[in-house]
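Student: I'd like to ask some things about the structure below.
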Amino acid sequence: MAVAARLPDQRGRLSARSPRRTGILLASPAIAVFALLFVAPLFTLVWNSFRTQQGALTLQNYIRFLGDPFYRDVLWHTLLIGVLTTSVCLVIGYPFALYLRGRSPTVRNYLSLVLLSPLLISMVIRAYGWLVVLGPNGPVAALLHAVGLPAPPMLYNDTAVIIGMVHVMLAYMVLPLMGSLDRIDPTLVPAAKGLGATGYTCFWRIIVPLSAPGMLAGSLIVFSLTVSSFVTPAILGGPTVKLMPYFVYTEATVSLDWPYAAAIGFILVLVTTVLMAGYARLLRGRTTKGTFA
Amino acid sequence: MTAPAEASARDSGGGQTRGRLRLTGLRKSLGGREVVARIDLETEPGEFLTLLGPSGCGKTTTLSMVAGHLLPDSGTVEVDGRDLTTAPANRRSMGMVFQSYALFPHMSIADNVGFGLRMRKVAAPARKRKVTDALEMVGLDGMAERYPRQLSGGQQQRAALARALVVEPDLLLLDEPFSNLDAQLRVRLREEVVGLQRRIGTTTILVTHDQEEALAVSDRIAVLAEGRIAQLGTPETVYLRPATDFVAQFIGEVNVLAGRYAGGQDCQVTGGHLVAATVVGEQPSVGNPVRVYVRPEAVRIEAVRIEAGSAAGLPGSVTSTRFLGTRVRCVVATAAGQIEAMVPFDGSVPRLGEEVSCTWQSRHASLTSAAG
């Protein structure tokens, strides 16, 4: 009798209190990994960036970076590559995501696989592949020669880096866009048309504003991955395209100036964050008053 | 099987001359299936017409072709004599309310309602005035600056209605607009919509699978089955004198009697008795198999025994009674089968085993050819 009387009570208490506890329990491995492998190192990084190699507190690392036109140019160049790669991904990816909207699941699955296939190959191999394709004896140059056009230098410049980056980053742009487009009620466009809107108006006033969250998410991922990428710019950019991650690497491993490397890294993180926050504000303010928050 | 169009019972939309919709030979196949086989239909200006049928009967497809969201395979859509069959949706003047309401989630209610006016390049001051009037008309004054997600289902529905009506369309198209609401709200909003429609007199086409809703709101009902109009008529006609087995069974309960046509309004049912009903559809020949449909509500029960062979009623004995407050539900076993009757409670309930006679007025029952 005592057991029978306690059981429902225990159950009742479990169902009343457990969701919160279960939630924390479920999230804890991820939180632990995040805290240990991201938050803690980031604090260490920031802390180190304000010290001299001897350990004294200083602003010297930041003054050195911001005071040197060479480094300011590197930062500018890195952001430019990031913006261009993101823009190209958006311009190519948006129509593709729009096309996938309303296709049959089979078509979507196959095309998603095609989209994700670059991610299945090692970054180094993929970059070397582009080296062959874009090289002076590669198929692109051969094609241009065949039609009688001079082949411009396609390697070791910004174009090569952007082509290599877009190849991988397109998937990161299209997937959030697809998710965002799928969430748009399919009757909204007929409703707008019934009220007199043209296809053009439907696109710019209904589809684009409502897919802004996907554009934002995709742009965030593509931009931050691009400005922090090392291998692809290193291989395809050659000696002329030197971006921020390259200098973090050389300061840390060649000059062994870890505090300066930390400062370069933190400047990149900070600038990226500020830029992205501004971009998010712009998108929210202009297009999607009702959909966020 | 298409019943001839009857004149509207109610002289609806007094004085309205705009909004005469004519569908001729409309046909549409989707994914290899003929969804709309043949629809011929003409509305009176100001009429409230309902397309009623189960899912897959082609009612929404028909509405989509009227709205211009789908192109028919053949047939024409005309409004007030203008052929709109191939006109794009944005060049037709139709206000539509969707089942999901389809409010633009990123726009305020005022911007939603004003969208059609903006598309018609109505200047801002006039637009603002019209939007305010429309919101007041549907009882949403003061909600203009809210966003759709901040409104309840019923309020969203009203906003969608205001958005459809503010452009003063030729036709108001309602695609299952009440089905996402709870039962009480559904009835209330339905009454409001009918009241509004009577007042402004816009020809309205409602699509629904809810027969009670169709009976309650319509001037005429087109019952659709397998892409065709099974019957077109006033709610009373469709309910009391169904033209086909499908219509009879789809709209409420019905008694079905099998027999042979005996000329005039008579049918000789199994057991030899004659019952009277109105011939609906093609005229059967005497002696041919026919069916009689009569609703439980139309059946009267009289305690008097009548002579066999007279057309006055169907004798039988009461086998079950159920007191339902204002009414009594009786089952009477007759030679032609069981008859269900819903009779008003007048102080006494028929006794079990009592010999009674089931009667009804011939205009409250239909007689159709059983062949096919």
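Student: When only residues in the range B:151-160 that are over 14 Å from B:Asp111 (Cα atoms) and of a type outside the set (Lys, Arg) count, which is farthest from the other protein chains (Cβ to nearest Cβ)?
Tutor: B:Gly154
Student: Quick check on my filter: what residues within the range A:82-134 are of a type in the set (A, V, I, L, M) and outside any helix (DSSP H, G or I)?
Tutor: Matches in the range A:82-134: A:Ile121 only.
Student: Six or more apart or on different chains, Cβ atoms under 6 Å: show the pairs whose first residue is in the range B:284-298 and more than 14 Å from B:Gly264 (Cα to Cα) and free of Cβ contacts under 8 Å to residues at least 60 places away in the same chain and whose second is of a type in the set (Asp, Glu) and part of a loop (DSSP other than H, G, I, E, B).
Tutor: As it stands, the answer is B:Pro296/B:Glu253, since those pairs meet every condition given.
Student: Further question: Which residue, of B:Leu165, B:Leu174, is modelled with pLDDT of 95 or more and either open to solvent by less than 40 Å² (accessible area, probe 1.4 Å) or among the hydrophobic types (A, V, I, L, M, F, W, C) (or both)?
Tutor: Details: B:Leu165 fails: modelled with pLDDT of 95 or more.
Answer to the selection: B:Leu174.
Student: Tell me the residue from B:Leu257, B:Leu240 that is open to solvent by 10 Å² or more (accessible area, probe 1.4 Å) and aliphatic (A, V, I, L, M), please.
Tutor: The conditions single out B:Leu240.
Student: Could you tell me whether A:Gly238 is at positive phi and more than 9 Å from chain B (Cβ to nearest Cβ)?
Tutor: When the stated conditions are applied, A:Gly238 passes them.
Student: Also: So B:Glu78 ticks every box in (1) farther than 25 Å from B:Phe250 by Cβ; (2) at pLDDT below 90; (3) open to solvent by 30 Å² or more (accessible area, probe 1.4 Å) but one. Which box is left unticked?
Tutor: The failed condition is (2).
Student: Right, here's the next one. Kindly establish whether B:Arg329 is assigned to a strand (DSSP E or B), without any contact (Cβ under 8 Å) to a residue 60 or more places away in the chain and open to solvent by 30 Å² or more (accessible area, probe 1.4 Å).
Tutor: Criteria met by B:Arg329.
Student: Which of the residues spanning the range B:85-111 are over 27 Å from the mean Cα position of the chain (by Cα), of a type outside the set (Gly, Ala, Ser) and either closer than 21 Å to B:Ala144 by Cβ or within 9 Å of chain A (Cβ to nearest Cβ) (or both)?
Tutor: Passing the criteria: B:Pro88, B:Asn90, B:Arg91, B:Phe104, B:Pro105, B:His106, B:Met107, B:Ile109, B:Asp111.
Student: Still on this structure, please answer the following. Residue check, B:Val275 against (1) touching a Leu at 6+ places or on another chain (Cβ under 8 Å); (2) surrounded by fewer than 20 Cβ atoms within 10 Å (Cβ to Cβ); (3) of a type in the set (A, V, I, L, M, F, W, C), all met but one. Which one?
Tutor: Against the list (1) touching a Leu at 6+ places or on another chain (Cβ under 8 Å); (2) surrounded by fewer than 20 Cβ atoms within 10 Å (Cβ to Cβ); (3) of a type in the set (A, V, I, L, M, F, W, C), B:Val275 comes up short only on (2).
Student: Take the residues of the range B:142-162 that are of a type outside the set (S, T, N, Q) and assigned to a loop (DSSP other than H, G, I, E, B): which is most open to solvent (accessible area, probe 1.4 Å)?
Tutor: For the range B:142-162, the residue satisfying everything is B:Glu145.
Student: Out of (1) within 14 Å of chain B (Cβ to nearest Cβ); (2) assigned to a helix (DSSP H, G or I), what's the single condition that is false for A:Pro259?
Tutor: It is condition (1) that A:Pro259 fails.
Student: Here's a follow-up. Here are B:Arg190, B:Arg186, B:Arg198, B:Arg228: which of them is farther than 15 Å from B:Leu51 by Cβ and either polar (S, T, N, Q) or in contact (Cβ under 8 Å) with a residue 60 or more places away in the chain (or both)?
Tutor: Unique residue meeting the criteria: B:Arg198.
Student: On to the next question. So, restricting to helices (runs of 4 or more DSSP H) that lie completely within the range A:162-243, which ones have at least 3 residues that are of a type in the set (Val, Ile, Thr) and open to solvent by less than 10 Å² (accessible area, probe 1.4 Å)?
Tutor: Hits in the range A:162-243: A:212-227.
Student: Do we have B:Ser179 as touching a residue at least 60 places away in the same chain (Cβ under 8 Å), part of a loop (DSSP other than H, G, I, E, B) and more than 12 Å from chain A (Cβ to nearest Cβ) here?
Tutor: Numbers: touching a residue at least 60 places away in the same chain (Cβ under 8 Å): yes; part of a loop (DSSP other than H, G, I, E, B): yes; more than 12 Å from chain A (Cβ to nearest Cβ): yes.
Here the answer is yes, as B:Ser179 does meet what is asked.
The values are calculated or read from the model by the stated rules, or taken from the named source; none is laboratory data. Computed from a predicted structure; not experimentally measured. Counting neighbours? That spans all protein chains shown, and the Cβs are built from the backbone with ideal geometry, glycine included. With ligands, DNA and RNA removed, areas are computed over all heavy atoms of the protein, side chains included. Shrake-Rupley method; radii C 1.70, N 1.55, O 1.52, S 1.80 Å.
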